[in-house]
Amino acid sequence: MRWVYWSRLYDSKFQAGCLVRRMENDGWLFGIEMPREIEVYRSRKGKYGVRYVP
C-alpha cells in the first residue's frame, strides 16, 4: 500500500478535512474512481496534510 501525498500542508485540521470531503464529493459527482482510503495526517512541524491510496 503506497500513499500519495497532497502537495499542500494546511494550518488547521479543519482545512485538511474540507479537502478530504471535496475529494469524496468530486468522485461521486463527476464519476471519477475514488481512492481506496483518504486520511488527514499531521506533519512533524505541526501542520496538517492529506494522503490517499489510489
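The values are calculated or read from the model by the stated rules, or taken from the named source; none is laboratory data. A quick note: this is a predicted structure, and the numbers were derived from the prediction, not measured. When we count neighbours, we look across all protein chains shown, and the Cβ atoms used for this are built from the backbone with ideal geometry, even at glycine. Just so you know, the surface numbers come from the protein's heavy atoms only, side chains and all, with ligands and any DNA or RNA stripped out. Shrake-Rupley method; radii C 1.70, N 1.55, O 1.52, S 1.80 Å.
Computed values, structure above
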{"read-out": "Residue-count net charge about CYS18 - beta-carbon cut-off 13 Å; Lys, Arg +1, Asp, Glu -1", "value": "+1"}
{"read-out": "Rough spin-label spacing in nm, given labels placed 7 Å along Cα→Cβ, for SER7 and ARG36", "value": "2.6"}
{"read-out": "Where LYS47, LYS13 fall by accessible area, highest first, once all protein chains stay in place (1.4 Å)", "value": "LYS13, LYS47"}
{"read-out": "C-alpha long axis of helix 13-30 to longest principal axis of the chain, angle in °", "value": "10"}
{"read-out": "Positive minus negative residues near TYR48 (Lys, Arg vs Asp, Glu; Cβ under 11 Å)", "value": "+4"}
{"read-out": "Cα-projected label distance for ASP26 with TYR52, points at 7 Å along beta-carbon direction, nm", "value": "0.7"}
{"read-out": "Lys, Arg +1 and Asp, Glu -1 on Cβ, resulting dipole of the chain about Cα centre, debye, nearest 20", "value": "400"}
{"read-out": "Projected area averaged over orientations for the chain, convex hull of C-alpha atoms, nm²", "value": "3.7"}
